[in-house]
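FYI, it's all coordinate maths here, none of it is from the lab. Note that the structure is predicted; figures quoted are calculated from it, not measured. Reconstructed Cβ throughout: ideal geometry from the backbone, glycine too, with neighbour counts over all protein chains shown.
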Amino acid sequence: MSALFSLALFVGAALLFVLEPLVGKLLLPLLGSTPEVWNTTVLFFQAMLLAGYAWTHLTSRLLSPRRQALLQLAVLLAAAVALPIALPRGSHPPTSAEPIPWLLGTLASVAGLPFFALAANGPMLQRWLSSLRHRAARDPYFLYAASNGGSLLGLLAYPLALEPALGLRDQGRGWSIGYAVAGGLVAVSAAALWLRPRSGREAQPEPLAASGEPFAVGDPAHHIDLAPLQLTRRLRWLLLGAVPSSLLLGTTTYITTDLTPIPLLWVIPLALYLLTLVAAFYPGGRPERLAALGRRLLPGIAAALVYTLAVGSDRPLALLLALHLLGLTTAALMCHSLLAADRPPPHRLTEFYLWLALGGVVGGAFNAILAPVAFPTLVEYPLAIVAVCALRPRPPSSRTDLLTLLVKDPRATRLMDLVVPMILGAGTAVALGAVRAGSPSGAFEASSVVIGTACGLSLNLLRRPLRFALALGAILLTPALAPPAGQRVLARERSYFGTYRVLAVDASRLHALYDGTTLHGLERFGTPGRPQPLGYYSARGPVGQAFAQLPAATTRRAGVIGLGAGALACYARPGQRFEFFEVDPVVVAIARDPALFDYLRRCPANVVVGDGRRSLQREPPGRFGLLAVDAFNSDAIPINLITREAVELYFTRLQPGGAVLFNITNRYLALEPVLGNIARQARLNCVAQRYSPTRARARRGDLLSQWALLTRSRADLGRLGSDRRWHACVRDPSDPVWTDQYSDLLAALRLG
C-alpha cells in the first residue's frame with residue numbers, strides 16, 4: 001500500500017518538475033527573455049502549487065477522504081482536457097498591447113489545470129493513507145520524501161535526457177502520457193482507499209509524539225490532539241520554509257554570476273536542496289539528529305562563507321563552489337529536519353504543507369521579485385546566510401554566561417545581542433580601513449587577516465544564535481565601509497537580468513562593464529577624439545576586419561542585438577546609421593551615462609529597449625545591411641536568438657547581399673558548430689574566426705574573442721572572403737539543428 005502511494009507521488013512530482021521548463025521553452029520564441037515574462041511564469045507556477053495545497057486543505061476540512069478521492073479523480077480527469085501540452089495553433093501574443101494578460105491566459109489554458117491537479121496530489125494522498133488501517137497511516141510524512149525524490153528525478157531528467165533527445169512537440173506528448181500514468185496511479189490509490197477498511201477515525205488518525213515518533217498503541221498520549229495550533233508555530237513553519245528557499249536562489253545566483261557562469265550549474269544546488277528534503281522526511285529517519293548535526297556544522301561553514309564574501313574571494317574556484325554548496329546543504333538540512341521533527345499529527349498535515357508552501361513562495365518572491373528592485377547587489381544571499389544562522393536552535397548547555405550572572409535582568413542580555421555585533425562590526429571596519437590605507441600593495445592579505453580574525457571572534461557567540469547571526473551580518477557590512485584602493489567601483493546597478501558593476505583601473509583609465517564575472521564592455525575613458533572600440537570589438541579583431549572588408553553597402557545600415565557599453569556604435573562612418581536592440585534598460589542607462597562610457601555620446605546611435613527577436617519582428621523587411629547578434633558571452637544564452645527560425649528572421653530583415661555577424665565568444669559553450677549546422681541546412685555561407693591578441697594588444701585592451709559571419713553567398717563577403725584568418729564554420733553532424741522546438745545545451749558544453 002505505501003509503495004503504491006509513494007509511486008503515485010513520485011511520478012506526479014517528477015512531472016511537475018518537467019512541466020515548468022517545458023512550458024518555458026514553448027513560450028520563449030514568442031515572448032523573448034524579458035523579466036516580466038520570466039517572473040510572471042515563475043509566479044504563476046508558484047501560485048498554482050500554493051492553490052493545489054490550499055485546495056487539499058480546504059477539501060480535507062469539508063470532505064471525508066473517500067469523497068475527497070472521488071472529487072480529486074474528477075479534477076484529474078477535467079484537467080486532461082488541456083492535453084497534450086502544446087501551444088494552441090496560431091497562438092501569438094499581441095504586438096501592440098501588453099503581453100502579460102495573454103501570457104497568463106496561455107499559461108492557464110496550456111498547463112494550469114494539469115499542474116494544479118498534480119500539485120494537489122502531494123498532501124492529499126498523505127491524508128488518504130493516514131485514514132487507513134495500515135501501519136504506515138500513523139506517520140504518512142515519509143511520502144513527502146518520495147515526492148521530493150520524484151522532483152529530483154524530473155530536475156535531472158529534463159536537461160540531461162529529455163531536452164537532448166526530444167523536440168518540444170514530442171516532449172509535450174510524452175508528458176501527457178506521464179500524466180495518464182500518474183492519474184492511473186492516483187485512481188488505483190483511490191480504489192485502495194475505498195476497498196480497505198477504514199480506521200474508524202477516518203479523518204483523524206493517531207497523532208505524533210513531540211519527538212516526531214509515532215505514538216505506540218496504548219500510549220496514554222494516544223489520542224487526537226484537537227488543541228488549536230499556535231500562531232508562533234505556524235510562523236515558524238513559514239520561516240523554516242522561506243529561509244532555505246531564499247538561500248537556494250541566492251546561492252544559485254551567486255555561484256552562476258559571481259563565481260563562474262557554467263551552463264546547467266544551477267541544477268546542482270537545487271538537487272542538493274531536494275536531497276535534504278528527502279533525508280529529513282525519510283521513513284524511519286531521525287530528523288532530530290539531522291537537525292542537531294546541521295546546528296553543529298552550520299556556524300563554522302557560515303563563518304567561512306562570510307569570510308570569502310567579505311574579502312571577495314573568487315579562487316580557487318573548485319574549493320569555493322564546494323564551500324557554497326556545502327553551506328546550502330547544511331543550512332537546508334537543518335531547516336528541513338527541524339520541520340520534520342516538528343511535523344504535526346496527520347490530521348493537521350494539510351495545514352502544515354500549506355504553510356510550508358507559503359514559505360517557499362515568500363522566499364522565492366523575495367529573491368526573484370523584491371531583491372532586484374530593492375538591492376543594487378546580491379544582498380539577498382548574505383541576508384539568507386544571516387537569517388538561517390538566526391534560526392539555528394540554541395545549543396543545549398547548563399552553563400550560564402557571565403552577563404546573566406552579573407545582571408539578572410534578561411533585557412540586558414537581549415540588548416547585548418545588538419550591542420556586541422555593533423562593536424565587532426565597528427572594530428572590524430576601523431581595522432580594515434587602517435590596513436588598507438597603510439599598505440595598499442598588501443591590502444588584500446591584510447584585509448584577509450582582519451576579516452578572518454573577526455569571523456573567528458564571532459564563533460565565541462554561538463550560544464546566542466541571534467547575536468552570532470548579527471555579528472556575521474556586521475562583518476559583511478565592513479568592506480562597504482572601507483573599500484579597497486586601486487580598482488574603483490564607479491557604479492553598481494541591478495535588474496532582473498543581472499547585477500552590473502562598472503570598474504575603473506586607475507593606472508590605465510580603463511572602464512569595464514561586468515555582469516557578475518562576465519565582461520560586457522571596455523573603454524579607455526577620457527581619451528581625446530573618437531573612442532576606439534576595445535575588448536571583443538577591437539579594430540584588429542574579427543569585428544574590425546568585418547567592418548573594414550565587407551562591402552560598403554552592407555555596413556551602411558547596421559542593427560545590433562545587445563548593447564553592452566556601446567562600442568560597436570563607433571564603427572559607424574559619416575552617413576551610416578546604427579540601431580541597437582537591448583533587452584535591459586539598466587544597461588542602456590549605464591552605456592548612456594557620460595561619467596561611465598563615451599561610446600554613445602561621441603558615436604550617437606538609436607537604442608530600442610526590448611527583446612531582440614521580438615523587436616526585429618516589428619522592423620520592415622530589408623531594413624538592414626548588417627545585423628550583429630551580441631548576446632552569447634555568458635552562461636544564460638538566449639537560445640531563441642540562435643535557432644534556425646531566428647536566423648531565418650534575420651535574413652528577412654537584411655537587404656540583398658547582407659550579412660549576420662555573431663559574437664560567439666563563450667568560456668563554456670561551443671557555438672560555432674551550432675551556427676555551422678544551421679547554415680548548412682539553410683544553405684547559407686558561414687565563416688568564423690577565433691582571435692587571440694598579442695600581449696601588446698592585450699595590454700591595450702584587446703580581448704580573446706570568437707565571431708561567426710553568415711551570408712547568403714560567399715560573394716557577399718567581399719574582400720573578407722579572401723582573408724585567411726577566417727575559416728569555414730565547423731559543423732557537428734551528430735548534433736541536430738537547433739530550432740524553436742529543439743536545442744541541446746549539454747551537447748554544446750565544453751569544460752576543458
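Rank the residues 57, 727 as a footprinting-exposure proxy: fewest other Cβ atoms within 10 Å of their Cβ go first.
727, 57
In a shell of Cβ-Cβ distance under 13 Å around residue 254, excluding residue 254 itself, what net charge do Lys and Arg (+1) and Asp and Glu (-1) give?
-3
Under the Cβ-under-4.7 Å rule, which cysteines of the chain stay unpaired?
335, 389, 455
Cut-off is 10 Å between beta-carbons; in what order do 128, 738 appear when sorted fewest neighbours first?
738, 128
If we count every other residue with Cβ under 12 angstrom of residue 747's Cβ, Lys/Arg +1 and Asp/Glu -1, where does the sum land?
In short, -3.
Once R0 is set to 35 Å, what does the formula 1/(1 + (r/R0)^6) return for the Cβ-Cβ distance between residue 423 and residue 517, expressed as a FRET efficiency to the nearest 0.05?
The formula returns an efficiency of 0.50 here.
Please compute the length gained on full extension between residue 196 and residue 699, using 0.36 nm multiplied by the number of residues separating them and subtracting their Cα-Cα distance.
Roughly 173.3 nm would be gained on extension.
Simple spin-label model, 7 Å along Cα-to-Cβ: residue 609 to residue 713 in nm?
Taking the two extended label points, one gets 4.3 nm.
What is the extension gain from residue 296 to residue 722, computed as 0.36 nm multiplied by their sequence separation minus the C-alpha to C-alpha distance, in nm to one decimal?
Extra length from residue 296 to residue 722 when fully extended: 146.7 nm.
How many nm separate the modelled label positions at residue 47 and residue 682, each set 7 Å beyond the Cα in the direction of the Cβ?
Simple spin-label model gives 3.7 nm for this pair.
Using 0.36 nm per residue, how much length does the chain from residue 692 to residue 540 gain when fully extended, once their Cα-Cα distance is taken away?
53.7 nm
Can you tell me what share of the DSSP beta bridges in the chain is antiparallel? A percent to the nearest 5 is fine.
65
Need one word for the chain: rounded, prolate or oblate. Basis is the Cα gyration tensor (sqrt eigenvalues a ≥ b ≥ c); a/c below 1.5 gives rounded, then a/b vs b/c decides.
Since a/c reaches 1.5 but b/c is at least a/b, the shape of the chain is classed as oblate.
Sort the range 534-748 into rounded, prolate or oblate with this rule: let a ≥ b ≥ c be the square roots of the eigenvalues of the Cα gyration tensor; rounded if a/c is under 1.5, and if a/c is not under 1.5, prolate when a/b is larger than b/c, oblate otherwise.
Note, shape of the range 534-748 comes out rounded.
What is the Cα radius of gyration of the range 411-482 over 2.2 N^0.38 Å, N being its residue count?
Taking N as the residue count of the range 411-482, the ratio is 1.15.
Using the 10 angstrom Cβ neighbour count as an exposure proxy, how do 705, 337 rank, fewest first?
Fewest-to-most Cβ neighbours within 10 Å comes out as 705, 337.
Given R₀ = 41 Å, FRET efficiency for residue 463-residue 734 by Cβ-Cβ distance, to 0.05?
In this case the efficiency is close to 0.10.
With 10 Å bins from zero, work out the P(r) of the range 233-393 over every alpha carbon pair and list the percent per bin.
Result returned by the calculation: 11, 41, 35, 12, 2, 0.
Distance in nm between label sites at residue 379 and residue 92, each 7 Å beyond Cα in the beta-carbon direction?
Modelled inter-label distance: 4.4 nm.
Can you give me the Cα centroid spacing of the range 487-547 and the range 247-315 in angstrom?
Here the two parts' Cα centres lie 33 Å apart.
What FRET efficiency comes out for residue 3 versus residue 577 if R0 is 60 angstrom and r is the Cβ-Cβ distance? Round to the nearest 0.05.
The pair residue 3/residue 577 has a calculated efficiency of 0.30.
Listed highest first by mean packing, meaning other Cβ atoms within 10 Å per residue, what order do 304-310, 569-575, 447-453 come in?
Going from most to least packed, we get 304-310, 447-453, 569-575.
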